[in-house]
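The values are calculated or read from the model by the stated rules, or taken from the named source; none is laboratory data. In this text, all values refer to a predicted model and were calculated from it rather than measured experimentally. All Cβ positions, even for glycine, are placed from backbone atoms using ideal geometry, and neighbour counts span all protein chains on display. Surface areas here come from the heavy atoms of the whole protein model, side chains and all, with no ligands, DNA or RNA. Shrake-Rupley method; radii C 1.70, N 1.55, O 1.52, S 1.80 Å.
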Amino acid sequence: MRYLRQLAEIGRGDIAVAGGKGANLGELVRAGLPVPPGFVLTTDAYRAYVAATGIDERVRSGEGRIRDLFTAPVPDDIAGELLAARKELGAAVAVRSSATAEDLADASFAGQQDTFLDVRGDDALLAAVRDCWASLWTERAVDYRSRRGIDPAEVALAVVVQEMADADAAGVMFTANPTTGARHEVVIAAAWGLGEAVVGGAVTTDDLVVEKATGRVRSRATAEKAVMTVATGAGTQERPVPDDRRSRPVLTDTEAAALAALGGRIEEWFGAPQDVEWARADGAFAVVQSRPITALPEPSEPAPTDWSVPDPTSFYVRASIVEQLPDPLTPLFAELVDGSVTRSLQALMGELLRGDDVVRAGDVALPTVNGYAYYRYSRRGMTRIMLASGPAFGALLKGGGAGLRDRWRERAHPQYVRAVERAAARPVEAMTDAELLAGAVGLLDAGTTYYTAVQTLIPQAVTSESAFTRFYEALVRRPGDPPAATFLVGFDSAPIRAEQSLYDLAAWARERPALADALRTASPGNTTAGEPPAGVDAQLWQEWCDRFEQHLAVHGHTVYNLDFAVPLPADDPAPVIGTVRFYLDGGGTDPRERQRRAALRRDEAEVRVAARLDPVRRATFRRLLRWAQSLGPLREDALADVGLAWPLLRRMLRELGARLVEAGVIEQPDDVFWLHRGEILADPPTPRGDAVAQRRAVWRGQRLVTPPQVLPQGSWWDNAFARWLPAAAQEQTGAVLRGIGASAGQVTGTARVLAGPADFGRLQPGDVLVASITTPAWTTLFAMAGGVVTDVGGPLSHSSIVAREYGIPAVLGTNVATRRIPDGARVRVDGEAGTVTLLDEPGGGADEAPEPAHSAGRRAAVALAAAAGAAGVVWWRRRPHRASGRRSPTSGTSVG
């Protein structure tokens, strides 16, 4: 039997014979690239050795210390063929493991098996081959395969034997930037001596970034290189780098360009970015290994650092609707929403401020800075709004705000529903491109108009809870009494009803074991439609699908992010299915029972406290309490319906996207969100694939930063208003992050940093949910979370209200949580003190005396709050804390 194959005989289709490394090297030889000569001892030799030595059953089982079984000599027929082929190479060879599950596009297995350099003599070669076979069963390799679900009986190992190049320098090259994902950059690590020490991280390297197209060295970091790995004639050894080379660059710019060009050829041949190991001997480069780069991030441009604004005399603020836009905006949404928001705000403030001349053209807009949405107010416009806001503030509070509540319930909401129904009357397939785009703009206008109407409810909620809390804390509460929040929970609202619906779905499925098992194991995309899974009756499956569709019909329009590029629950059921599975497996509690207990505690506390008050205080206590209790759930109901138009709006735009794909303009329907209006309707159609890719890369870079709350930075606007906004304006260092204590309690757990619905599946029961902000669509996660931490938010933001309903601690408005808290870190969340302690950082275990951050009321003199609040300005009340005399953020919220 022939056990050897020359590298030139092997290609990428020979992984089963030559392993991943061997197959890739064979491809490089076929491409005419510089590869040291050599051959592959195939997987047939490995299997023959296992069979001949009688260890095959133990190997197939994958149990025990299998590595220790590889002690018998290599059979004569394998050894004879191996040693004969070895004579064609130089005196020293490199012997490298090449597993059949190695160097693949989705699993590199880099470093999992052994490599032996400077191998000389027949006995040493046979021992190296046997040790390579044994290295398939190191604890590290076995654990890695187990985590990737690879059957131990299916793996085998080939061995690559190549002529040893006595390299004076070596290293690793990535043909795309592994940090940013930039495909136009080559990243090179270079060191003196042999390359195995570079791969293993044993030596310090020079690091270069080279522009792929031009060969220009974009950046260079030259290290102080203390040690190098060299061949000794009997293996390798680490030795000090000679003094004259320690600070000298390993590669000149010309050499770096030549190496990058070689990398470009390799990438072109394989058709994907590559992780390349290279060596330089006698001034020439050789490739000793190439594998696909696994887990390569999507291309990203550098994070922005310049926050200058087009008009330094205007006030730019991230509040109100902007809180529902935590990420940079996609280009189409940014272009369309600016006009929609501006028109709706002008109409609302004209109505509230009772004057057509108060808000003029150019006074209010929603531009972007580095992709992030900001409300912009002109200085003159803000002055006029402030002077005219007194009557508006009175109107908002008149009769407990009943007129504006009725305005939302009887006018704004029905108008929005009718607008969506009218737009849905005509099938999207029957509309022209121009009609589809106009229809999308109309729906966006309807949605922003509705949102603006909803904003008028928020100042009432702010004022009512603040008034009750301040009265209770100052004139009612005694030691042992519950916090004010106890009186404000246990009420029904749209997010709670959505949770109840999912709980009911899980309870119904749990009574049908075959269906429950299918829902637990199937991929989320196969749990709501299509053919029934094995073992599930077709009629039962259809009933499940119908029930789930009914849930989505009522709750599927709730937005994770107002940007219409972000899928809704109705578009992607995976996050929702994750919650169903949580309940299906017995997680959480019955939401109705939880609400019942909270309501019971609330009502008992009210009776107990009211009974001891004098008539005047009792009447005031109950009047303020009823006012506050009536507004919290109403706010959540109103916000939950902001996305009513979004399913149809997205359907219209994705229909446009499908047509543009057919016309060759873009590659996939969702690319339409990355175009501009003029590009969508361009005649003739022009390919925009490169523009879309570039805009996505810019967006990813922008997403790496937390935008300032107020611009211009350092202006009097910044100094006057930043501290009242729903996020800390300052950067925070150290182990303790401070924010706003929005829901009392303390919990220690694992931080799970979630960017959006695609991450929901990573949250495990008891984890601390860390996010930029949460919207009503995130509510189902609160049943699973042990606590909540956000960058943005206040005591009346969604995160606060829902966390209190679930009885979990929440710290909001930290500004830096998603950047400072590593995913998986241990944290302690103190919702009373408003602190998050990073327990794994220095100082994280120390006892703290945190600054209290609980709510204590609003500045009653701010008559501007209502009108400016509706326009996106947020006001916060601060007062000295009675115990410490320090200043702490208190009650208030953004208007959205």
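Can you give the translational diffusion coefficient of the chain in µm²/s, computed by Stokes-Einstein from the Kirkwood radius over Cα pairs at 37 °C and 0.692 mPa s?
In µm²/s, the coefficient rounds to 105.
Rolling a 1.4 Å probe over the protein heavy atoms of the chain, with every protein chain left in place, gives an accessible area that is 51 percent carbon and sulfur.
Ordered from largest to smallest accessible area (heavy atoms of protein chains, 1.4 Å probe), the residues HIS557, HIS184 come out as HIS184, HIS557. Note on LYS225: aspartates and glutamates with a C-alpha under 18 Å away, same-chain residues under 8 apart excluded, are ASP168, GLU196, ASP206, ASP207, GLU238, ASP243, ASP244. Karplus-based coupling profile of the stretch 124-129, in residue order and whole Hz: 5, 5, 4, 5, 5, 4, with θ = phi - 60° in 6.51 cos²θ - 1.76 cosθ + 1.60 and x standing for Gly or Pro. Under the combined filter of DSSP loop state and at most 14 neighbouring Cβ atoms within 10 Å, the stretch 125-211 retains these trypsin sites (Lys or Arg not before Pro): ARG148. Rounded to the nearest 20, the Cβ-based charge dipole of the chain about its Cα centre (Lys and Arg +1, Asp and Glu -1) stands at 4760 debye. Size descriptors for the stretch 192-342: radius of gyration and Dmax over Cα atoms are 23.4, 76 Å.
Can you bin the stretch 648-718 into rounded, prolate or oblate? Criterion: square roots of the alpha carbon gyration tensor eigenvalues sorted a ≥ b ≥ c, rounded for a/c under 1.5, prolate for a/b above b/c, oblate for the rest. Prolate shape, in that a/c is at least 1.5 and a/b is the bigger ratio. Amide H contacts of LYS212: GLU185, VAL186, each under 5 Å away and 5 or more positions distant or on a separate chain (H built 1.01 Å from N in the peptide plane; Pro and chain starts excluded). Each part reduced to its alpha carbon centroid, the stretch 794-836 and the stretch 119-170 end up 48 Å apart. Rg over Rh for the stretch 736-828 works out to 0.90, using Cα positions for both radii and the Kirkwood form for Rh. Based on protein heavy atoms only, the stretch 593-656 ends up with 43 Å² per residue of surface accessible to a 1.4 Å probe.
Shape verdict for the stretch 506-648, please, from the Cα gyration tensor: rounded (a/c under 1.5), prolate (a/b greater than b/c) or oblate. Here the stretch 506-648 falls in the oblate category.
Using the 1.4 Å probe convention, the accessible area of the stretch 259-338 works out to 35 Å² per residue with neighbouring protein chains retained.
Per residue, the chain reaches -12500 deg cm²/dmol at 222 nm when only DSSP H runs of four or more residues are counted, each adding -39500 (n - 2.57).
Would you mind working out the accessible area per residue for the stretch 481-576, using a 1.4 Å probe, and quoting it in Å²? In whole numbers, the stretch 481-576 has 41 Å² accessible per residue. Give me the aspartates and glutamates in straight-line cross-link reach of LYS87: C-alpha distance below 13 Å, same-chain residues under 8 apart excluded. Excluding near neighbours in sequence, the set is ASP122, GLU163.
For the pair the stretch 445-517 / the stretch 302-367, the C-alpha centres are spaced 28 Å from each other.
Bridgeable aspartates and glutamates around LYS212 (alpha carbons under 16 Å apart, same-chain partners fewer than 8 residues away excluded): GLU185, ASP253, GLU255, GLU267, GLU268, ASP275, GLU301.
Below 8 Å, C-alpha to C-alpha, sequence gap of six or more: please give me the relative contact order for the chain in percent.
So the answer I get is 11 percent.
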